[in-house]
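Enquirer: Pasting a structure below so you can have a look.
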Amino acid sequence: MKLEELEQKNSLIRKMACGQEITWINPELTDSKKAMKGISVTPEEVADAEARLKRFAPFIKMCFEETEETDGLIESPLREIPAMKEAMNRQGNCGIEGRMMLKMDSHLAVAGSVKARGGIYEILKYAESLALSQGMIKKSDDYTRFASPQMKQFFSQYSIHVGSTGNLGLSIGIISAALGFQVNVHMSADAREWKKALLRSKGVRVIEYSGDYGRAVKEGRALAEKDPRGYFVDDENSKNLFLGYAVAAGRLKKQLEEQQIPVDPEHPLMVYIPCGVGGAPGGITYGLKLEYGDNVYVFFVEPTQACCMVLGMMTGLHDEICVQDIGLSGKTEADGLAVGRPSKFVGRTISRMLAGEFTIEDRKLYQYMKLLMDTEGIFIEPSACAAFEGPARLHTDGETRDFLRKNGLETRETSTTHIVWATGGSLVPEEVRNQYYERTDKNELS
Ligand SMILES: *Cc1c(COP(=O)(O)O)cnc(C)c1O
């Protein structure tokens, strides 16, 4: 399709094609019951995923001592960040009211990013199905058996392949190596050196490609297909990843309850999540809609040069369009979001659940990073910082102000809870953190 034709579908495309930031309100957003009709995932599948993660908790606890405290559940803190909110309001005139919280998947055990949810879940599910089908285990067994030498020996006959910009490879690589699989991570040119080095240190085979993420995925898929005992984690089309991410919502609900933060029509919840191929934010969105229905509003944030999900959703073309089709590079400092073509099924699945999208220029990522460090003493990686653009623009853009008014949210601003989903960061080496921190030329938000 030509650019002119696309522009007729949505006038925002011209701005996007010029690399400018946009705010998109999803015209298809509807009540959550209707939004769930006709989609290919079910609440039972999310419950099944949660139950599987519980079965594996003793194994996780045994292999990864940092999960001792949570009894083998891989879960992250939910923390209020009032100083960051205040600084954003002061420096950027953001006008954020209510509570602002950080969901710290940046600090998830084992893999240090949101990928510890989906990636680890998918490998555990595959390992379980292999072990069950070969009679190595029963569902009622103690799953610490997965750590036995016999199991490792068994899994070493199988290999895992995955394409990654970095974090998915880390999560799949670490868990697969712990189970004993042979692991091959196909990395795009955007992947950071330290992520490759860390994987290699765990015995993972890292294969590098000069192309982008789509290329790494394609090559990985082709190699896995040739291997009769190969399994390919398909980030562009994986329901298992999606389900692993979706489990986050029920856990978040517990945390909000523990902190006595209500979510109801008088106390709406607004959630902002960085988006790459769409699996992580999409799965979380679906989970949140299951838990909170119409009381939760979810916004995604993507880099201006890699805004594939919003492009796919606003045109209705989903994976049949990529950012290069409108002349964008797909290149961004937010390595975890450096994706040119969205998932095959996520956009379609959440097409009536997502409230909207913001796109963000790269330079702002480092400003938010520094501000969060200076105000709250928390480090998160560049990709994760994109989420701050949500609350920053919610009250300042005309489109979102309209949206707030139409949905009766304007009068509830002081009782709104904003959750910024910090999707990664704790594994970033000190030296690299310092380099990032020095990147901001200005101290103030702009
Ligand atoms: C992968 C990733 C995302 C986005 O997840 P997708 O499933 O690709 O949409 C966001 N932030 C970080 C840090 C990531 O690694």
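What follows draws every value from the coordinates through simple rules; no lab data is involved. All figures in this text were calculated on a predicted structure; none of them were measured in a lab. Cβ atoms come from the backbone with ideal geometry, glycine included; neighbour counts cover every protein chain shown.
Enquirer: Can you give the FRET efficiency for Gln150 and Lys254, using 1/(1 + (r/R0)^6), R0 = 51 Å, r = Cβ-Cβ distance, to the nearest 0.05?
Expert: About 0.90, to the nearest 0.05.
Enquirer: If you don't mind, there's one more thing I want to ask. How large is log10 I(q)/I(0) at q = 0.09, 0.12, 0.14 Å⁻¹ when the Debye formula is applied to the Cα atoms of the stretch 1-139, each weighted equally and without solvent?
Expert: Here log10 of I(q) over I(0) equals -0.55, -0.87, -1.01.
Enquirer: So which GluC sites (Glu not before Pro) in the stretch 1-71 pass both tests, a DSSP loop state and at most 14 other Cβ atoms within 10 Å of the Cβ?
Expert: Taking the stretch 1-71 and a limit of 14 other Cβ atoms within 10 Å, the loop GluC sites (Glu not before Pro) found are Glu28, Glu68, Glu69.
Enquirer: Quick one: grab Rg to one decimal and Dmax as a whole number for the stretch 287-385, Cα atoms only, in Å.
Expert: 14.9, 42
Enquirer: Let me ask something else. Excluding same-chain residues fewer than 8 positions from Lys34, which lysines have a Cα within less than 24 Å of its Cα?
Expert: Lys239, Lys253, Lys289, Lys344, Lys406
Enquirer: Over the chain, with a Gaussian network built from C-alpha contacts below 10 Å, which listed residue (Gly211, Gly95, Gly169) shows the highest mean-square fluctuation?
Expert: It is Gly211.
Enquirer: Which one of Arg393, Arg352, Arg405 has the biggest mean-square fluctuation once the chain is modelled by GNM with Cα springs under 10 Å?
Expert: The residue that fluctuates most here is Arg405.
Enquirer: OK, next. Compute a Gaussian network model of the chain, connecting alpha carbons closer than 10 Å, and tell me which residue from Lys202, Lys239, Lys364 fluctuates the most.
Expert: Lys202
Enquirer: So what's the net charge close to Gly424: Lys and Arg +1, Asp and Glu -1, counting the other residues with Cβ under 13 Å from its Cβ?
Expert: Local charge sum for Gly424: +3.
Enquirer: How big is the chain along each principal axis, measuring the range of its Cα positions in Å and listing the largest first?
Expert: Reported extents, whole Å, longest axis first: 61, 50, 48.
Enquirer: Between Lys138 and Glu266, what is 0.36 nm times their sequence separation minus the Cα-Cα distance? Round to one decimal in nm.
Expert: 41.4 nm
Enquirer: On a straight-distance basis, which aspartates and glutamates could pair with Lys103 in a cross-link, Cα separation under 17 angstrom, same-chain partners fewer than 8 positions away excluded?
Expert: Glu75, Glu80, Glu257, Glu258, Glu291, Glu376, Glu381, Glu389
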